[in-house]
Amino acid sequence: MFLFQKSMQWLFPLSSSMQNSMNVSVIVPTLNEAALIQPCLQHLRDRAAKAEIIVADGGSSDGTSELAMPLCDRVVHAKQGRGAQLNAGAHAARGEILWFLHVDVTVPMACLNEIGRIMGNPGVAGGFFRPRLPRSLPIYRLTDGFAHYAGILLGMRCGDHGIFCRRSVFIEVGGFPEVPLMEDVEFFRRLRRRGPVRHSRKRIVVSPRRYEAIGRARLTFAYGLIATLYLFGASSSMLIGIYQRMCCLKE
């Protein structure tokens, strides 16, 4: 019985000190992110010092992998596509908790303690943080609110929420679908079928770079439209077409 209790304490930490030692692997997918990768990894080293950090690169041609190597535990090379890259990173990870992060986010202080608090309940399948765009413009506050409350209503979350889960659940649900779009949303829906997925009140700050490049109102509307059509069963080709027309820079 004593050994069983010690085992359970290691897997499901209950105290603050146990939460600090929780076995977490952070997986960051990249593609030509030379300008951001080193600040991202240094930030993670500062705020998630005890986590394993894995960069899953999708074939960058700008030196992203080489820049990442000194600041992460491992660089994994995968075929291009966020789902495939995240799966490759998860396969290489050693942690019992897998935390999937975008390269352009700022994680909260004591983030590993917060993950430990949420995952300390053995019945919980996973969790996520509520995102926040960093500027006080009304359109960004609208986007923040829409993303959160629409997510509650529709039962969906995206990759910029910093989704995390148990390795065992990740394996059970088959990882991320390797599709061109909405792989994060589908993965989140699979998680919810395996058990409760809790959200933290702490916020992840998301870079507004795409909103500034594409157009704030345009991108907010496009994301909402794509999510709604996805839930109503629209075809992948339709969603990809909308994404390419509304969410991508024209060369």
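The values are calculated or read from the model by the stated rules, or taken from the named source; none is laboratory data. Here the structure is a predicted model, which is why all the values come from computation and not from measurement. So basically every Cβ, Gly included, is an ideal-geometry build from the backbone, and we count neighbours across all protein chains shown. When the accessible area is computed, the model is the full protein with side chains, heavy atoms only, and any ligands, DNA or RNA have been set aside. Shrake-Rupley method; radii C 1.70, N 1.55, O 1.52, S 1.80 Å.
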Quiz prompt | Rounded to 5, percent antiparallel among DSSP beta bridges of the chain | solution = 25
Quiz item: Which of (i) 19.4, 67; (ii) 17.0, 51; (iii) 17.9, 64 is the computed Rg and Dmax of the Cα atoms in Å for the structure on display?
Solution: (iii)
Quiz item: In whole Å, how far is the Cα centre of the range 80-146 from that of the range 191-219?
Solution: 9
Practice problem: Please turn the phi angles of the range 168-182 into ³J(HN,Hα) values with the Karplus equation 6.51 cos²θ - 1.76 cosθ + 1.60 (θ = phi - 60°), one per residue in order, whole Hz, x for glycine and proline. | Solution: 4, 6, 3, 5, 4, 8, x, x, 7, x, 8, 10, x, 8, 6
Practice problem: Using a 1.4 angstrom probe on the protein heavy atoms only, line up F146, F100 by accessible area, largest first. | Solution: F146, F100
Quiz item: Can you tell which of P29, P131, P108 shows the greatest fluctuation in a Gaussian network model of the chain with Cα springs below 10 Å?
Solution: P108
Self-check item: Highest to lowest packing among 227-237, 76-86, 208-218, scored as the average C-beta count within 10 Å
Solution: 76-86, 208-218, 227-237
Quiz item: Relative to the Cα centre, what is the charge dipole magnitude of the range 93-235, using +1 at the beta carbon of each Lys and Arg, -1 at the beta carbon of each Asp and Glu, and rounding to the nearest 20 debye?
Solution: 440
Practice problem: Provide the per residue accessible area, probe 1.4 Å, for the chain, rounded to a whole number of square angstrom. | Solution: 50
Quiz item: How high is the FRET efficiency between M69 and S207 when r is their beta carbon distance and R₀ equals 25 Å, given to the nearest 0.05?
Solution: 0.60
Quiz item: Once both axes come from the Cα atoms, what is the angle between helix 2-11 and the longest principal axis of the chain, in degrees from 0 to 90, rounded to 10?
Solution: 20
Quiz item: Carbon-plus-sulfur fraction of the accessible area of the range 146-251, 1.4 Å probe, in percent?
Solution: 56
Self-check item: Amide H contacts under 5 Å for E33, placed H, 5+ residues apart
Solution: T64
Quiz item: Taking R0 as 45 Å, what's the FRET efficiency between R45 and T228 from their Cβ-Cβ distance, rounded to 0.05?
Solution: 0.70
Quiz prompt | Degrees between helix 34-47 axis and first principal axis of the chain (Cα, 0 to 90, nearest 10) | solution = 30
Quiz item: Going from most exposed to least, what order do D104, D73 have by accessible area with a 1.4 Å probe?
Solution: D73, D104
Self-check item: Charged-residue dipole, Cβ positions (Lys, Arg, Asp, Glu), the chain about Cα centre, Debye nearest 20
Solution: 880
Quiz item: Helix 183-194: angle to the longest alpha-carbon principal axis of the chain, degrees 0 to 90, nearest 10?
Solution: 40
